[in-house]
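**Q** Structure in C-alpha cells, see below.
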Amino acid sequence: MRKKIIAGNWKMNKTGAEAASFARDLKLKTLNINKTEIVICPPFTALAPVYDMLKESRLKLGAQNVHWEPAGAFTGEISVEMIEKAGCKYVIIGHSERRQFFGETDQTVNKKIKQTLASSLCPIVCFGETLQQRQDGKTQSIIRTQVTEGLAGLSIEQMQRIVLAYEPVWAIGTGVTATPEQAEEVHNFIRQLLSGLFNSQTAEVVPILYGGSVKPDNIKELLNQQNIDGGLIGGASLKVDPFVEMIKVAEDLSN
Ligand code: PGA
C-alpha cells in the first residue's frame with residue numbers, strides 16, 4: 001500500500017514567527033500520527049524558523065518553488081542547495097499559480113525536476129487542467145502533455161523518487177472540489193500514462209496527491225479512492241485544527 005501524504009501549501013501566507021508558532025502547535029497535536037507523511041510548505045522566509053521547530057519530529061519541510069540552475073546571476077531566485085540546507089525534504093514544482101502568473105512551462109518544470117533530483121529532495125510535481133479545457137473535453141490531452149513533457153527524460157529510478165499532484169485549476173481556492181469520481185478518473189489516467197512512459201511497477205509506487213479545495217468535510221471520500229494517495233492542501237492548511245483533522249482522516253485510513 002502506498003503511504004498517505006498530507007502536504008500543506010501555505011502559498012504567500014505567514015511570517016517566520018507565525019509559521020514557527022503553527023509548527024510548534026502542529027508538532028504537539030500530531031504526536032500520535034506515525035503512518036501518514038506530513039509536509040508543510042511555508043514561504044522561503046519561514047523555512048529556517050519552521051525547521052528549527054520541526055527538526056526533532058517526523059514532520060517534513062517543503063519549499064514552494066526552486067530554480068533549475070545550481071547558482072549564479074538569477075536575482076530573486078532560490079537554489080536546490082539553499083532549500084536543502086534549510087532543512088527541506090520536499091519542493092513543490094509546477095504549481096498552476098506558477099504556471100499562470102510566473103510563466104512556468106512544462107519545459108521549466110522538467111528542468112527544475114532534474115535539478116532537484118540531483119539532490120536528496122523529493123519533488124511534488126503539479127498538473128491540472130483549467131475549467132475551459134475541461135469544458136472543451138480536453139482534460140486528458142492536457143494532462144497527457146503536462147505529464148509527458150514535464151517528466152521527459154527521467155529514468156525509472158528517478159521517477160520512483162517523485163510525488164505527483166493532480167490539481168484541477170478550477171478547484172484551486174474556489175471552494176469547488178472535484179468529485180471523488182472526477183479526481184479518481186484523472187488519477188487513474190495518470191497512472192496509466194506512467195505505466196506507458198515508465199513501467200507498471202513505477203505506476204504502482206508513485207504517490208499521486210489530489211489538490212483543489214480539500215477540506216475536513218471532503219477529504220475522506222477523496223482519500224477513499226483507490227488512486228488518491230493524499231492531499232496538497234492550500235486554504236485549509238493555514239489553521240492548525242482543520243489541518244490536523246485532515247491528517248487524522250488520512251491516518252485512520254492507513255490503519
Ligand atoms: P486550495 O489550494 O486547497 O486552497 O484550493 C490547493 C493548492 O493550490 O495547492
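**Q** Give the shape of the stretch 51-125 as rounded, prolate or oblate, defined through the alpha-carbon gyration tensor: a ≥ b ≥ c are the square roots of its eigenvalues, a/c under 1.5 means rounded, and otherwise the shape is prolate if a/b is larger than b/c and oblate if not.
**A** prolate
**Q** Right, something else. If you take the square roots of the eigenvalues of the alpha-carbon gyration tensor of the chain and sort them as a ≥ b ≥ c, do you get rounded (a/c under 1.5), prolate (a/b over b/c) or oblate?
**A** Verdict is rounded for the chain.
**Q** Ignoring ligands, DNA and RNA, what accessible area per residue does the stretch 53-115 give at 1.4 Å, in Å²?
**A** For the stretch 53-115, the per-residue accessible area is 50 Å².
**Q** If you take the square roots of the eigenvalues of the alpha-carbon gyration tensor of the stretch 154-255 and sort them as a ≥ b ≥ c, do you get rounded (a/c under 1.5), prolate (a/b over b/c) or oblate?
**A** The shape class here is prolate.
**Q** Could you tell me the distance between the Cα centroids of the stretch 103-137 and the stretch 206-255, to the nearest Å?
**A** The stretch 103-137 and the stretch 206-255 have Cα centres spaced 21 Å from each other.
**Q** I would also like to ask the following. Counting only residues 5 or more places away or on other chains, whose amide H sits under 5 Å from the amide H of residue 230 once H atoms are built in the peptide plane?
**A** Hits under the 5 Å cutoff: 5, 210.
**Q** I would also like to ask the following. Give me the one-decimal nm value for the distance between modelled label points at residue 52 and residue 188, 7 Å along each residue's Cα-to-Cβ direction.
**A** Result: 4.9 nm between the two label points.
**Q** Right, next: Just tell me, in residue order, which DSSP H segments of the chain are both 18 angstrom or longer along the helix axis (alpha-carbon based) and at least -1.0 in mean Kyte-Doolittle hydropathy.
**A** Membrane-span-like by this criterion, though nothing is claimed about a membrane: 16-29, 180-197, 240-254.
**Q** For the stretch 160-220, what is the relative contact order in percent, using Cα pairs closer than 8 Å and at least 6 residues apart in sequence?
**A** Once divided by the residue count of the stretch 160-220, the mean separation gives 54 percent.
**Q** Sticking with this one: With a cap of 10 neighbouring Cβ atoms within 10 Å, and only residues DSSP puts in a loop, list the GluC sites (Glu not before Pro) found in the stretch 46-93.
**A** 56
**Q** Which percent of the accessible heavy-atom area of the chain goes to carbon and sulfur, probe 1.4 angstrom?
**A** 52 percent
**Q** Let me ask you something else. Calculate, for the stretch 139-179, the solvent-accessible area per residue in square angstrom, rolling a 1.4 angstrom probe over the heavy atoms of the protein chains.
**A** Accessible surface, normalised per residue, equals 38 Å².
The values are calculated or read from the model by the stated rules, or taken from the named source; none is laboratory data. Just so it is clear, the model here is predicted, and its values are computed rather than measured. Quick reminder, even Gly has a Cβ in these numbers, built from the backbone with ideal geometry, and neighbours come from all protein chains shown. When the accessible area is computed, the model is the full protein with side chains, heavy atoms only, and any ligands, DNA or RNA have been set aside. Shrake-Rupley method; radii C 1.70, N 1.55, O 1.52, S 1.80 Å.
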